[in-house]
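The values are calculated or read from the model by the stated rules, or taken from the named source; none is laboratory data. Remember, predicted model here, so these are calculated numbers, not experimental data. Glycine gets a Cβ as well: all are built from the backbone with ideal geometry, and neighbour counts include every protein chain shown. Ligands, DNA and RNA are stripped out before the accessible areas are found, and what is left, the full protein with its side chains, is counted by its heavy atoms. Shrake-Rupley method; radii C 1.70, N 1.55, O 1.52, S 1.80 Å.
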Amino acid sequence: MRLSLLVFLLFSTFAFSQTTPIAERKYSDTLPKRFIIDKEKLRTHIFSGIPSNVKNGEYPRRALNFAHSQACYISDFISDGTIYSDWDELENYVNEVLQKVLPEELKKDSVIHLYIVKDGYFNAFMTASGHAFMNIGLLADLPDEAALASVLCHELAHYYLKHSLYRFMEAEAGNFDNGVFFVDKSRSKFSIKNELQADSLSAVWLQKSGYTLDGSISSFKVMQRLELNQLRSYSEMTLKESTHPLSQKRLDRLTDFYNQSKTSPGKNFLIDENKFNRLKEEVKPEILKNFLADFHYTECIETAFRYHLFDPDNTTYIYYILEAIRRKSYLDIDTWKKMFITDGYYDLIDVNGEKHKEPMTDHLFKKFDLEIIPIDPKDGVKLKARFYWRETKFTTYEEAFNFFYNLSQALNCHECVLSNGLSYTAKADSALRNKMLLKYLSYDDVKHKEYAQNVLKGTIAKNLKKNKLTAFVELNSYVEEGYERIPIPDKNNLFKIVVDSAMKNKTGRTYVYLPEFKTEHLNDFSSLVALKHFSLARTVAKGDRTELHILDPKYWEMFHKYNVNEIEFILTQYSEVRSKQTSVEAYQKIINTDFKTTLGKTFHTKYFDVMVTSIREIENAFMKVRYYDDTITLTSKDDTSDQMAKNIRYELSIMEKKALERDSKYGNSGK
């Protein structure tokens, strides 16, 4: 139970006025055709880029295996809803920067393109095909185009030096175990060497492009701040190098190169400074939205508060602070009483000349700690909310929540009223929740009106039809030949035939085949995929029993849209085991096999796995149920697709029995 504190605050430090609504980007429901990439053509492209001495060397099959597995991964990643497919201005802009730094050696490579990933963390990577990916979280922390260009240069260098190929070849040679080194030390040295090589080449290319080398220094300093922040959240005294060298080593090498360089200094911007700064602000709400959707509540709180320090009247940042605190505290009721942000961090203590770490006991505003609030010291002059360190407004998460709720109301944030209402989860607080819900429903411009009405009336579950939406995930299919696992893509969605057969005459269910949702129902596809991930995640609640709709109203709205009280996901995997082959021809034969043939009769040992997970809005029942039995061995002489359909039906019937047993036994106390 959260205490309701009547906090009377003087907000003289804020300039209150009518503010814009909470920023929330609308997504297109259609996946553009350019995001659907033919795996065979992509495989051919990747294979053609492999040096002849590798693909014609001692183990030519490894090169084909690399090209095929990479093509399958890249094609699926681009089309699975995790890429911004409709933010043309941002995508075009970052690709303009990419083209500015593209070296002569790669000018003829027409496939090179940068995509934006819906991920709040600071990261970018490039694949063996030339498709590059940049997290939305990258842009907000970079000071200028030159810093962005330096990151892209680094990824281009990895591509040009074919690091992913050689890492894969090392793995196939036995130096790794499926891509992971047996010996951690060897893994570190190999990766660190790659990173330093890419640093050196990218510095040369950045300098030739006309951007200043200060861009590389800026990007490494961002990473260094993130490392220092990470170190403060660990009890260990130092960070260890793993796949990347520590930023200080990279900065030292770059500084040496910088000092030796005698060319023109270069520029911070070559494309458009105003556009960079505007887009940098526009991505911030998306960063917070993705953190919240991915259950990274701590990161959402810390990032939103950091943004708030520079723009304290922005209701979007306040909303995400409230929502992340609410959800974090909902899963662990003890969070309310813990120190805002500093809980989970460590201080370096000197005892009798020896240094060690102890959990922080001070609140955030005892001193301004740049390792906990990782901002560029140069940006200190832009900080508008320095008053927090002059006069302590709050110390715990509960006090912070109350403070920001009061602030949100002074700024006329209507969605924050719902956040406050949903923070009261105990039965004893139902009157307080209802008061907030009535206030929320008094506004005309709110996003979750129907949901709030049902919460207020206690009809969240009652108004849902006792029916199930059954969502089939794409079949994960592969052939095991020796030690190789060869993906077999279902490019024509032929597994849908199995799905239709399995669901024939299944009453009380509406079923969908998720791969077909990608093109015309992209938003529902993304929402269902998020629910699938949530169904698989282990959720441990400390305190009130977890209810799905309280955790996120959007989940209930998905149930309401399909008028069901349960959404279940069918995850399937098919494998054939064959004797070891080493020829390219044998590999080629497998990947060229029509998927219809795979689903027919075969003479190989065949296995089939079915997992059923379920998310539910049912009164006095578990919120999540999962069922998986042993791997099923299929009969070689019988039709594979018929056996798959039969086993899916059987597993669903067992799942229903298990769910009923579990609900009847634990329903009144489960989480």
### ³J(HN,Hα), Karplus 6.51/-1.76/1.60, whole Hz, each residue of region 265-271, x for Gly, Pro
x, x, 10, 7, 9, 10, 9
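Quick one: compute the contact order of region 334-381, relative version, from alpha carbon pairs under 8 angstrom and 6+ residues apart, as a percent.
Reported relative contact order: 32 percent.
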### Task
Work through the residues other than Tyr397 whose Cβ is under 9 Å from its Cβ and net out their charges, Lys, Arg +1 and Asp, Glu -1.
0
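To the nearest 500 deg cm²/dmol, what mean residue ellipticity at 222 nm is calculated for the chain from DSSP H runs of n ≥ 4 alone, each contributing -39,500 (n - 2.57), summed and divided by the residues?
Mean residue ellipticity, 222 nm, calculated: -15000 deg cm²/dmol.
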#### Entry: Above-threshold pairs, the threshold being 24 Å between Cα atoms, out of Lys275/Lys393; Lys466/Lys532; Lys39/Lys646
Lys275/Lys393; Lys39/Lys646
### Query
For all pairs of alpha-carbon atoms in the chain, what percent lies in each bin of width 10 Å, listed from the first bin to the last filled one?
3, 13, 21, 24, 22, 13, 4, 0
### Query
When the Debye formula is applied to the Cα atoms of region 207-276, each taken as the same point scatterer, what base-10 log of I(q)/I(0) results at q = 0.18 Å⁻¹?
-0.80
#### Entry: Per-residue ³J(HN,Hα) for region 283-291, Karplus 6.51 cos²θ - 1.76 cosθ + 1.60, θ = phi - 60°, Hz, x for Gly and Pro
7, 4, x, 5, 4, 5, 4, 6, 4
### Task
Give me the net charge of Ser442's neighbourhood, meaning all other residues with Cβ under 13 Å from the Cβ of Ser442; Lys, Arg count +1, Asp, Glu -1.
+1
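So for the chain: antiparallel DSSP bridges make up what percent, rounded to the nearest 5? Display every interim value, and only then the final one.
Details: 37 of 60 bridges.
Of those bridges, close to 60 percent are antiparallel.
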### Query
For Ser653 and Asp109 in one chain, what is 0.36 nm times their gap in residues minus the Cα-Cα distance, to one decimal in nm?
190.6 nm
### Query
Kirkwood hydrodynamic radius of region 535-671 from all distinct Cα pairs, in Å?
17.8 Å
### Summary
The correct ranking of Met644, Met360 by accessible area at 1.4 Å, largest first, is Met360, Met644
### Query
So for the pair Glu24, Asp445, with labels modelled 7 Å out along Cα→Cβ, what separation do we get in nm?
1.3 nm
### Task
Sort by residue number and name the cysteines in the chain that have no neighbouring cysteine Cβ under 4.7 Å.
Cys72, Cys153, Cys300
### Message
At 0.36 nm per residue, and after removing the present C-alpha to C-alpha distance, how many nm does the segment from His604 to Lys267 gain when stretched out fully?
### Response
115.1 nm
### Query
Applying 1/(1 + (r/R0)^6) with R0 = 51 Å to the Cβ-Cβ distance of Asp376 and Leu536, what FRET efficiency is obtained, to the nearest 0.05?
0.85
### Task
Calculate how large, on average over all directions, the projected area of the Cα convex hull of region 314-395 is; give the answer in nm² to one decimal.
7.3 nm²
### Task
Please give, to one decimal in nm, the separation of the simple spin-label points placed at Leu432 and Lys637, each 7 Å out from Cα toward the Cβ.
7.0 nm
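Hey, what's the per residue convex hull volume over the C-alpha atoms of region 406-502, in cubic angstrom?
Numbers: hull volume 24.7 nm³, N = 97.
So the per-residue hull volume is 254 Å³.
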### Message
Using only the alpha-carbon atoms of region 247-292 as identical scatterers, what base-10 log of I(q)/I(0) does the Debye formula give at q = 0.25, 0.26, 0.32 Å⁻¹?
### Response
-0.84, -0.86, -1.04
### Amide H partners (placed H, <5 Å) of Thr510, local residues excluded
Lys468, Leu469, Thr470
### Query
Can you list the residues, at least 5 places off or on another chain, whose amide H is less than 5 Å from the amide H of Ser477, using H built in the peptide plane?
Ile488, Tyr574
## Note on the structure
Cβ-Cβ cut-off under 15 Å around Arg225, Lys and Arg +1, Asp and Glu -1: the net charge is -3
### Query
Across region 499-515, in residue order, what do the Karplus-derived ³J(HN,Hα) couplings come to in whole Hz, using 6.51 cos²θ - 1.76 cosθ + 1.60 with θ = phi - 60° and x for Gly and Pro?
4, 4, 5, 5, 9, 4, 6, 7, 7, x, 9, 10, 10, 9, 10, 4, x
### Message
Place a point 7 Å from the Cα of Lys506 along the Cα-to-Cβ direction; which residues of region 609-635 have their backbone N under 14 Å from it?
### Response
610-615, 627
### Contact order relative to length of region 589-638, as percent, for alpha carbon pairs under 8 angstrom and 6 or more apart
42 percent
## Note on the structure
Quick tally, 1.4 Å probe accessible area for Ser653, Ser477, Ser52, Ser664, sorted with the most first, runs Ser664, Ser52, Ser653, Ser477
## Note on the structure
The percentage of the accessible area of the chain (probe 1.4 Å, all protein chains present) made up of carbon and sulfur atoms, to the nearest whole number, is 50 percent
### Task
Quick one: accessible surface of Leu551, probe radius 1.4 Å, all protein chains present, in square angstrom to the nearest 10.
0 Å²
### Where region 242-350 is the region considered: accessible area per residue in Å², 1.4 Å probe
42 Å²
### Message
Using protein chains only and a probe of 1.4 angstrom, how many square angstrom of Asp109 are accessible, to the nearest 10?
### Response
40 Å²
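Run the numbers on the chain and let me know its relative contact order in percent, using alpha-carbon pairs under 8 Å that are six or more apart.
13 percent
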### Task
With a 1.4 Å probe and every protein chain left in place, work out the accessible area per residue of region 440-575 in Å², rounded to a whole number.
44 Å²
### Task
Would you kindly find the accessible area of Glu96, with a 1.4 Å probe and non-protein molecules such as ligands, DNA and RNA excluded, rounding to the nearest 10 Å²?
80 Å²
### Task
Note down the nm distance, to one decimal, between modelled labels 7 Å out along Cα→Cβ at Thr298 and at Leu228.
2.0 nm
### Summary
Hydrodynamic calc, region 334-460: Kirkwood Rh from Cα pairs, then Stokes-Einstein at 10 °C with viscosity 1.306 mPa s, so D in µm² s⁻¹ is 90 µm²/s
### Query
Can you flag which of Lys378/Lys554; Lys41/Lys601; Lys328/Lys357 are past 31 Å Cα-Cα?
Lys378/Lys554
